[in-house]
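Before any comments, here is the structure.
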Amino acid sequence: MSDVYNNPLVERYASPEMCRLFGNRHRILTWRRIWLALAEAEAELGLPISRKQIAQLRKTIEDIDFANAASHEKRLRHDVMAHLHAWGDVAPDARGILHLGATSMDVVDNADLLIMRDALGLIRDWLINVIAALSDFARRYRDLPCLGYTHFQPAQLTTVGRRACLWTYDFVRDLEEIEYRLWRLRFRGIRGATGTQATFLTLFNGDAAKVAQLEKKVASRLGFSTCEPVTGQTYTRKIDAEVTAALANIAAGAHKFANDVRLLANAKEIEEPFEKEQVGSSAMAYKRNPMRCERVTGLARYVISILSSPFQTAAEQWLERTLDDSSNKRLAIPEAFLAVDGILRVVTDVARGLVVYPKVIESRVAAELPFMATEEILMAAVKAGAKGRGKSKAAAAGDRQALHERIRRHSQEAGREVKLHGRPNDLIRRLAADPAFAGVDLSRALDPKRYVGLAPQQVDAFLKTVVRPVLARYKSVRSKDAALDV
């Protein structure tokens, strides 16, 4: 137990892989990879950098003395220069050629892009795991009728699997956006203080072709095929805003999924997994609180609230660069990624372990189905009356309006029984006792599968045309461990 604040995103929520990506060691190691790539490319293009110097950099690249760097930063008040000096201390032969021609953002900005690229890859892999789990669930329950809701009031029936397709599609759209962000992510480039590459042009004696080659070589060494076409000292902060918007969109969809599960848990239709010795409440021993989904909604709200910072940062950049982005970026970007990673970790766990109670779902359908079946009963009564059956003084043979009025009155009475007296819905019993409906097979009208429309077929089509190609494209993505820490 530490006596200083520790970020809960690291301690409780995000995966170890994402935490390492945004950890200090990985960040500084990424800086060093960029410094090394720059030195290697400059050597290849004829600058006086020896093999011995390059070899020393390669040998010591992971030898990071953070205490020494902190000592340098206390004196220099500049984190990049502090780590330059710290590396120079363990690679003294190469000290003089480190950072040659570069400005801090040649290192820091490109490192941020490298880390974001890897972080987006982790988010993409989580989304694949979520989509796979929810699509399995949708397939399993493709034709199980359940109440559909609009305005959170019982509406036409759907199926459990069809509802799961709605959740799945949100995450498929999120995956497409992450793929697009990865495709659009370019290397900032090696541009110097204001983006003009003036210092590199001086290093290469005015040879613009070599400056262009240098940038391509460095980008290629770091896994990028393209660079931003134009920058100031920094890449446009719109990139951070766009990436964070994609993360916030994931958070919104996950929030919707988690809230749906929470609502269904209240109805005892579907629940998140609940472990054998899990405690739902310290006071109420019987409770099965949906703590996983509540965690998702809490983290999702945080991510959505973060979104304003990158947009404000993009708006606040002055001319070629200002430094008010740095402190904000150090919080907003890592925490958005860490929180979404934590969200998808929980969503994966929940999606893999959703518990369905078919008998409860069946009973809730049965309680509402008589009302939902009234239109079909009306049409059947009209047909029966037209054939000379079900005639009465109150309802002429086949008179749709007279039959509609009788159903309306019976429905109102049945509704009063439910709402005022807490009794079961007795609409079907009332209709069965009414001679106007004597020719209608009421039991056939109460088969729930008659009221789900094309829901099962829509599940099949969605899984075939949308999900299967996604999972085939990412068949090499491993199943991620979604076990929760707390």
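The values are calculated or read from the model by the stated rules, or taken from the named source; none is laboratory data. Note that this is a predicted model, so its numbers are computed, not measured. Quick reminder, even Gly has a Cβ in these numbers, built from the backbone with ideal geometry, and neighbours come from all protein chains shown.
Go through the residues of region 92-112 one by one and say whether even a single one is touching a strand residue (DSSP E or B) at 6+ places or on another chain (Cβ under 9 Å) and surrounded by fewer than 20 Cβ atoms within 10 Å (Cβ to Cβ).
Going residue by residue through region 92-112, those that are touching a strand residue (DSSP E or B) at 6+ places or on another chain (Cβ under 9 Å) are 110.
Restricting the remaining residues to those that are surrounded by fewer than 20 Cβ atoms within 10 Å (Cβ to Cβ) gives none.
Checking region 92-112: not a single residue is touching a strand residue (DSSP E or B) at 6+ places or on another chain (Cβ under 9 Å) and surrounded by fewer than 20 Cβ atoms within 10 Å (Cβ to Cβ).
A Cβ distance below 6 Å, combined with a sequence gap of six or more or placement on separate chains, defines the contacts here; from region 14-33, residues that are within 16 Å of Ala336 (Cβ to Cβ) reach residues that are surrounded by 15 or more Cβ atoms within 10 Å (Cβ to Cβ) and small (Gly, Ala, Ser) in the pairs Ala14/Gly342; Leu21/Ala119. Quick one: is Asp481 outside the structural domain of Arg292 (by TED's automatic domain parsing) and not in a helix (DSSP H, G or I)? Considered against the rule, which asks whether it is outside the structural domain of Arg292 (by TED's automatic domain parsing) and not in a helix (DSSP H, G or I), Asp481 comes out as yes.
State yes or no: is Ala219 out of contact with any strand residue (DSSP E or B) (no Cβ under 6 Å at 6 or more places or on another chain) and buried (at least 21 other Cβ atoms within 10 Å of the Cβ)? Spell out the reasoning first.
Values: out of contact with any strand residue (DSSP E or B) (no Cβ under 6 Å at 6 or more places or on another chain): no; buried (at least 21 other Cβ atoms within 10 Å of the Cβ): yes.
Spelling it out, it is not the case that Ala219 is out of contact with any strand residue (DSSP E or B) (no Cβ under 6 Å at 6 or more places or on another chain) and buried (at least 21 other Cβ atoms within 10 Å of the Cβ).
Here are Arg163, Arg191, Arg124, Arg173: which of them is closer than 30 Å to Ile54 by Cβ and either in a loop (DSSP other than H, G, I, E, B) or not β-branched (Val, Ile, Thr) (or both)? Even if it seems obvious, please write down each step before you answer.
On the way: Arg163 fails: closer than 30 Å to Ile54 by Cβ; Arg124 fails: closer than 30 Å to Ile54 by Cβ; Arg173 fails: closer than 30 Å to Ile54 by Cβ.
Going through Arg163, Arg191, Arg124, Arg173 in turn, just one is closer than 30 Å to Ile54 by Cβ and either in a loop (DSSP other than H, G, I, E, B) or not β-branched (Val, Ile, Thr) (or both): Arg191.
Being within 25 Å of the chain's Cα centre (by Cα), of a type in the set (Ser, Thr, Tyr) and over 27 Å from Ala138 (Cα atoms) narrows it down to one of Thr313, Thr322, so name that one. Sole residue among the options that is within 25 Å of the chain's Cα centre (by Cα), of a type in the set (Ser, Thr, Tyr) and over 27 Å from Ala138 (Cα atoms): Thr313. A Cβ distance below 7 Å, combined with a sequence gap of six or more or placement on separate chains, defines the contacts here; from region 214-233, residues that are at pLDDT 95 or above reach no residue that is part of a loop (DSSP other than H, G, I, E, B) and aromatic (Phe, Trp, Tyr).
Kindly indicate which of Leu431, Leu471, Leu420 is in a helix (DSSP H, G or I), among the hydrophobic types (A, V, I, L, M, F, W, C), touching a residue at least 24 places away in the same chain (Cβ under 8 Å) and surrounded by fewer than 18 Cβ atoms within 10 Å (Cβ to Cβ). It would help to see each step written out before you state the result.
Working: Leu431 fails: surrounded by fewer than 18 Cβ atoms within 10 Å (Cβ to Cβ); Leu420 fails: touching a residue at least 24 places away in the same chain (Cβ under 8 Å).
Only one candidate qualifies: Leu471.
Within region 247-273, no residue that is assigned by TED's automatic domain parsing to the domain that holds Ala336 and without any contact (Cβ under 8 Å) to a residue 24 or more places away in the chain sits with its Cβ atom under 6 Å from a residue that is surrounded by 19 or more Cβ atoms within 10 Å (Cβ to Cβ) and in a helix (DSSP H, G or I) at 6+ positions apart or across chains.
Residues in region 131-149 that are over 15 Å from Arg468 (Cβ atoms) and acidic (Asp, Glu): Asp143 only.
A search for C-beta distances below 6 Å between a residue of region 183-204 that is closer than 15 Å to Thr234 by Cβ and any residue that is among the polar types (S, T, N, Q) and not in a loop (DSSP other than H, G, I, E, B), counting only pairs 6+ apart in sequence or on different chains, returns Arg188/Asn110; Gly192/Thr199. Does Met116 meet the test of being within 37 Å of the chain's Cα centre (by Cα), modelled with pLDDT of 95 or more and aliphatic (A, V, I, L, M)? It is true that Met116 is within 37 Å of the chain's Cα centre (by Cα), modelled with pLDDT of 95 or more and aliphatic (A, V, I, L, M).
Can you find even one residue in region 98-110 that is over 26 Å from Gln53 (Cα atoms), modelled with pLDDT of 95 or more and in contact with a helix residue (DSSP H, G or I) (Cβ under 7 Å, 6 or more places away or on another chain)? Looking for residues that are over 26 Å from Gln53 (Cα atoms), modelled with pLDDT of 95 or more and in contact with a helix residue (DSSP H, G or I) (Cβ under 7 Å, 6 or more places away or on another chain), one finds none in region 98-110, hence no. Counting only residues that are surrounded by 17 or more Cβ atoms within 10 Å (Cβ to Cβ), not in a helix (DSSP H, G or I) and not hydrophobic (A, V, I, L, M, F, W, C), region 300-340 holds 2 of them.
Filtering region 224-235 for residues that are surrounded by fewer than 19 Cβ atoms within 10 Å (Cβ to Cβ) and under 26 Å from the mean Cα position of the chain (by Cα) leaves an empty set. Within region 50-64, the only residue that satisfies the criterion of being farther than 11 Å from Leu36 by Cα and among the β-branched types (Val, Ile, Thr) is Ile64.
Can you name the residue in region 200-220 that is among the polar types (S, T, N, Q) and within 21 Å of Arg33 (Cβ to Cβ) and, of all such residues, is nearest to the chain's Cα centre (by Cα)?
Looking only at region 200-220, we keep the residues that are among the polar types (S, T, N, Q), and these are 202, 205, 213, 220.
Among the residues that remain, those that are also within 21 Å of Arg33 (Cβ to Cβ) are: 213, 220.
Working: Gln213: 38, Ser220: 30 Å.
Here the residue is Ser220.
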